[in-house]
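**Q** Just passing along the structure, written as structure tokens.
The values are calculated or read from the model by the stated rules, or taken from the named source; none is laboratory data. Bear in mind that the values here come from a model prediction, so they are computed numbers and not experimental data. Cβ sites come from the backbone with ideal geometry, for glycine too, and all protein chains shown count toward neighbours.
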Amino acid sequence: MIPKNKTIPLFHNPLLEKYSRTNALIVIAILAFTALVLFTVSSIKVPLNIMNELIIFILGFLFFTLAEYLIHRFVFHSGEYTNTEKWQFKIHGIHHATPQDKERLALPLPLAVVLSGFFFFIYWIVMGQYSFFFFPGFLFGYASYLLVHYLIHTRRPPRNVFRYLWKHHHVHHHKNDNQAFGVTTPIWDIVFRTMPSPRRNKQP
Ligand SMILES: [Zn+2]
Ligand SMILES: [Zn+2]
């Protein structure tokens, strides 16, 4: 059994091991900054009403929360994600094995950039110029998700409404890993019926 507050190596190759570790706060800052710059530049270049631009940005943000849920549930938790030999362990199982390891709370930046580029490409094909506002919203959603997740694992729960997010994620990590897949919002857990029962999963 791996102590949950420890760190464990992912790769034998020292260079790969080094680059598999990330400072989540730097990734969050870069993603959020890029999202805001992209939105501003698009707003200047693309002739659309600012209200419509903002609505598409918010839709991109909301769509990220759905992507976050689906990827977490059906990609990260596919197969034996706790088996150290499987690829799912390298991208997510490691986080369940050592949830307090601050260097494993975000994908390395080059990987995040490639993945985001792939999503942008799809949006650009599907929605043309609207993607210039949808994608920054999506990227801002990604940054928000990483920040919420980082805070949940590094700070005590706050004494306000956001405390709920700490409890929700706690259930996923420590009570039932088939429930509570949403990190930024529990909405998709309600929609897809993976919401923990409030009584059975009561916090200590
Ligand atoms: Zn998980
Ligand atoms: Zn977590």
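**Q** Name every residue in the stretch 152-176 that is touching a helix residue (DSSP H, G or I) at 6+ places or on another chain (Cβ under 7 Å) and within 16 Å of ligand 1 (Cβ to nearest atom), in order of residue number.
**A** Selection gives I152, L165, W166, H169, H173.
**Q** Continuing with this model, one more query. Give the residue, chosen from V148, V183, V161, that is of a type in the set (V, I, T), touching a Leu at 6+ places or on another chain (Cβ under 8 Å) and assigned to a loop (DSSP other than H, G, I, E, B).
**A** Result: V183 is the single residue among V148, V183, V161 that is of a type in the set (V, I, T), touching a Leu at 6+ places or on another chain (Cβ under 8 Å) and assigned to a loop (DSSP other than H, G, I, E, B).
**Q** Let me ask something else about it. Select from the stretch 27-82 the residues that are polar (S, T, N, Q), part of a helix (DSSP H, G or I) and surrounded by 15 or more Cβ atoms within 10 Å (Cβ to Cβ) and list them in ascending order.
**A** Of everything in the stretch 27-82, those that are polar (S, T, N, Q), part of a helix (DSSP H, G or I) and surrounded by 15 or more Cβ atoms within 10 Å (Cβ to Cβ) turn out to be T34, S42, S43, T65.
**Q** Here's another thing I want to ask about it. Could you tell me which of the residues P204, P136, P108, P196 is more than 16 Å from ligand 1 (Cβ to nearest atom), modelled with pLDDT under 95 and either surrounded by 19 or more Cβ atoms within 10 Å (Cβ to Cβ) or within 13 Å of the chain's Cα centre (by Cα) (or both)?
**A** P108
**Q** Any idea how many residues of the stretch 113-122 are farther than 16 Å from V37 by Cα and surrounded by fewer than 19 Cβ atoms within 10 Å (Cβ to Cβ)?
**A** Residues in the stretch 113-122 being farther than 16 Å from V37 by Cα and surrounded by fewer than 19 Cβ atoms within 10 Å (Cβ to Cβ): 5 in total.
**Q** Could we say that V114 is more than 14 Å from ligand 1 (Cβ to nearest atom) and either of a type outside the set (D, E, K, R) or at pLDDT 90 or above (or both) here?
**A** yes
**Q** May I pose another question? Considering only residues that are in a helix (DSSP H, G or I) and in contact (Cβ under 8 Å) with a residue 60 or more places away in the chain, look in the stretch 90-101 and name the one that is farthest from ligand 2 (Cβ to nearest atom).
**A** K90
**Q** Please go through the stretch 152-162 and give me each residue that is within 22 Å of T98 (Cα to Cα) and surrounded by 12 or more Cβ atoms within 10 Å (Cβ to Cβ), ordered by number.
**A** Selection gives I152, H153, T154, P157.
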